[in-house]
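The values are calculated or read from the model by the stated rules, or taken from the named source; none is laboratory data. Keep in mind the model is a prediction, meaning the values are calculated, not measured. Heads up, the Cβs are rebuilt from the backbone with ideal geometry, glycines too, and the neighbour counts pull from every protein chain shown. Accessible surface is based on the protein model in full, side chains and every heavy atom, while ligands, DNA and RNA are left aside. Shrake-Rupley method; radii C 1.70, N 1.55, O 1.52, S 1.80 Å.
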2 protein chains.
Amino acid sequence: MVKESKIINVAVIGVSQRGLGLIDCLNNMDDVRVTVVCDLYEDRMENASNAILEKCGYKPSCCKDYREVVQRKDVDCVIISTAWSAHINIAIASMKAGKPVGMEVGGAYSIQECWDLVKVKEETGVEFMMLENCCYGREELTVLNMVKQGLFGEIIHCQGGYQHDLRSEIAMGLENRHYRFRNYQHRNGEVYPTHELGPIAKYLDINRGNRFLTLTSMASKARGLREWIIRNKGPEHEHAKIEFTQGDIVTTMIKCAHGETILLIHDTTLPRVYSRGGRVQGTKGIWMEDKSAVYIEGISPYETWEPFENYLEKYEHPLWVEFRKTGVQGGHGGMDFLVLRAFVESVKNNTPPPIDVYDAATWMTVTCLSEESIAMGSIPVAFPDFTNGKWINREEEKPSKYALSKVFYECF
Amino acid sequence: MVKESKIINVAVIGVSQRGLGLIDCLNNMDDVRVTVVCDLYEDRMENASNAILEKCGYKPSCCKDYREVVQRKDVDCVIISTAWSAHINIAIASMKAGKPVGMEVGGAYSIQECWDLVKVKEETGVEFMMLENCCYGREELTVLNMVKQGLFGEIIHCQGGYQHDLRSEIAMGLENRHYRFRNYQHRNGEVYPTHELGPIAKYLDINRGNRFLTLTSMASKARGLREWIIRNKGPEHEHAKIEFTQGDIVTTMIKCAHGETILLIHDTTLPRVYSRGGRVQGTKGIWMEDKSAVYIEGISPYETWEPFENYLEKYEHPLWVEFRKTGVQGGHGGMDFLVLRAFVESVKNNTPPPIDVYDAATWMTVTCLSEESIAMGSIPVAFPDFTNGKWINREEEKPSKYALSKVFYECF
């Protein structure tokens, strides 16, 4: 395995928009070298290669076949930012080749592929991390800190959403090879649950003394995307005829082993202002992202919202205090950098990553479970226990397992 | 039936806090006389009687038995503001005695009692109105106006909640004979759905060309009320031992015949700031009560919320424009007055009320359906069609049926 002082050679597989963003982040790390870029499209590899040349003064290898990439000697670990449907196959190939994996977010297509991912991780012992950047958001980590310090009392209910008007991006689908286009044309479910669910899972100690039991999903009719295409490309455009299956609003309710409930909203094909709509409610207080406000009984003035800012000062997560001191960098307000550092440090120190394969399987499986629930008329469906019972005792193992560094140990 | 010029004699049955509020409103109406007050408790009747004496200079009759009240010659119509569980029986007795009914809000205990209510209305032909005041809220009616004018495009999704910290009120339960106490001790469901669902049903033309098809509910654990009792009355208090069954947060998803989805949140036993959490989303825009904001594609600056105030000026409902001219009065910011006027005018003119027995049955049944769904592990349950098919054609009948007055005709 790689030593702590050594430079880590990274292959980035999938170098469309998201891959480029990650490369941009990695280029700024002294202990990382992107040696290989991989994509099905030559133009994308060319872009990525040029970005690295421009920033770092060298050209990485370009390789179309991920199966070759994971075998290369100049690759210590792999970052996967392809279309959703390729994530798990590539991750499995990489682990089987002994290469630790940092995998971008997305939802699963079947429960089985999540089991496969878990099994290969367990059999190979090669580390796997899901790169859920929102777990490292400043607001999310501050709220986590407030949760862990008991400010909200016993946690009862959490909410979140991926509420992001992606119509213009998706509708360019076939032109820009955007994988959402095909997904929205054929699927109907909570296709992108992890940005909001990741932080919530950390608030609720999921897979570490708690777990998701069941979910129920409901989808609205699908109108937004088609109406946008007709309005913007005209009723005669070939895409104007497509009947999308993906409901404009998909609502999902999750029940946890300790009686907490979670509400998720997927909302990407109607006009709106971006929001992850976070909410945490406990027996002592509530945080509400859409109001950027907090109410804590006995602290806040009676039935009056306080600005979140008041709490940010006092409860900002140590990681973010440190981050701001050393200089915030990287995409999405810094959280891309933090999640990539967690992965890189996990690889360098050969320690378990803070968002592991059980987290990934559990969060990703929301997608296929929600499709099943909707298809069956919003029936409740059960979550598999991907830990096979280990979640009951994992809480106590946390300190030793998560000692990536002083700062990262304290993170979740 | 009563003539338009005549003074309406009203009996108010149930004169606890809510009944007193309604009486206060009625006392200000020249064409209304509260002739009878009815309650199981003498002290409540005494309070109500004194309030009327003080304001209007006469004492109403006090009568403990509603069966006598509905037979009295000095009663033209009945207003019911008792505990939830008595609403429908009293309404049925009143209609059978030929007396039109204005019934306060609440949820149903069974589907059957909703059918009974509908059947008696149909058999007797006596008018029935549910007094859902929130349908007359200034913000709600403005949003309705925006919906009907197509500002949001095709409506896809609506949200609302009864999010009201009632812990201190409920926990005084046995002392102040608050019926919620016993309900929370034994039930688990969306026990109070109509304040948010009523306005949403009007946005979506429910029972008038659209209908609720199914719902699925999920309840969190119940912690808030007991923790409040322990903190405020001490762990030795007799109520501190009670294991409440009513989950702190109950989430309900409803699917409509035309593919719209509705999300309801019941949240009354955790600390928070009051909110009905309204949201309307269509293919052209969104309204979000918690931000008091609107975003309309092509009108609002790109991906930027506008204050709701901007739209209130332009789209305020004609009823409210009129109301503000003549002077806003009555509880809950004026909506109590408006809903009572709608009822009184319906009685005077012998015209169908704007919130009728089908609305009431449909909205109230959410409660027992949600209890069933939760008890069965969040299964989807089907709404009965209380109109027996009439909802398909009722839309076209609207103009003649809802011509209470120029203003009220335009209302929904």
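Tabulated data
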read-out: Copy-to-copy label separations for A:I299, where each label sits 7 Å from Cα toward Cβ, in nm and ascending; value: 3.9
read-out: Other copies of A:K6: label-to-label distances in nm, shortest first, labels 7 Å along the beta-carbon direction; value: 9.7
read-out: Total lysine pairs under 23 Å (Cα atoms) in region B:2-133, excluding pairs fewer than 8 apart on one chain; value: 22
read-out: Other-copy label distances relative to B:W115, 7 angstrom Cα-Cβ extension, nm; value: 4.4
read-out: Calculated [θ] (222 nm, deg cm²/dmol) that DSSP helices of n ≥ 4 give over chain B, each run adding -39,500 (n - 2.57); value: -11500 deg cm²/dmol
read-out: Shielding score for A:220-226, defined as the mean number of other chain Cβ atoms within 10 Å; value: 6
read-out: Shielding by other protein chains, A:350-360, mean Cβ within 10 Å; value: 0
read-out: Two-decimal Rg to Rh for the protein assembly as shown - Kirkwood Rh, Cα set; value: 1.02
read-out: Three principal axis lengths of region B:1-109 [C-alpha, angstrom, descending]; value: 39, 33, 22
read-out: Residue pairs, from the table B:K221/B:K284; A:K291/A:K314; B:K325/B:K390, whose Cα atoms sit over 26 Å apart; value: B:K221/B:K284; B:K325/B:K390
read-out: Average beta carbon contacts from partner chains per residue of A:299-308, 10 Å cutoff; value: 2
read-out: Residue order for B:Y58, A:Y184, A:Y109 - accessible surface, 1.4 angstrom probe, largest first; value: A:Y109, B:Y58, A:Y184
read-out: For a label point 7 Å along the Cα-to-beta-carbon line of B:E243, residues of region B:143-186 with backbone N under 20 Å; value: B:181-186
read-out: Alpha carbon convex hull of chain A, volume per residue in cubic angstrom; value: 142 Å³
read-out: Among A:N9, A:G102, A:L20 the positive-end extreme of the charge dipole of region A:2-133 (Cβ point charges); value: A:N9
read-out: Among beta bridges that DSSP assigns inside the protein assembly as shown, antiparallel share in %, nearest 5; value: 55 percent
read-out: Region B:101-168: translational diffusion in µm²/s, Stokes-Einstein, Kirkwood Rh over Cα pairs, 25 °C, 0.890 mPa s; value: 160 µm²/s
read-out: Order of exposure, largest accessible area first, which applies to B:H237, B:H317, B:H178, A:H186 with probe 1.4 Å; value: A:H186, B:H237, B:H178, B:H317
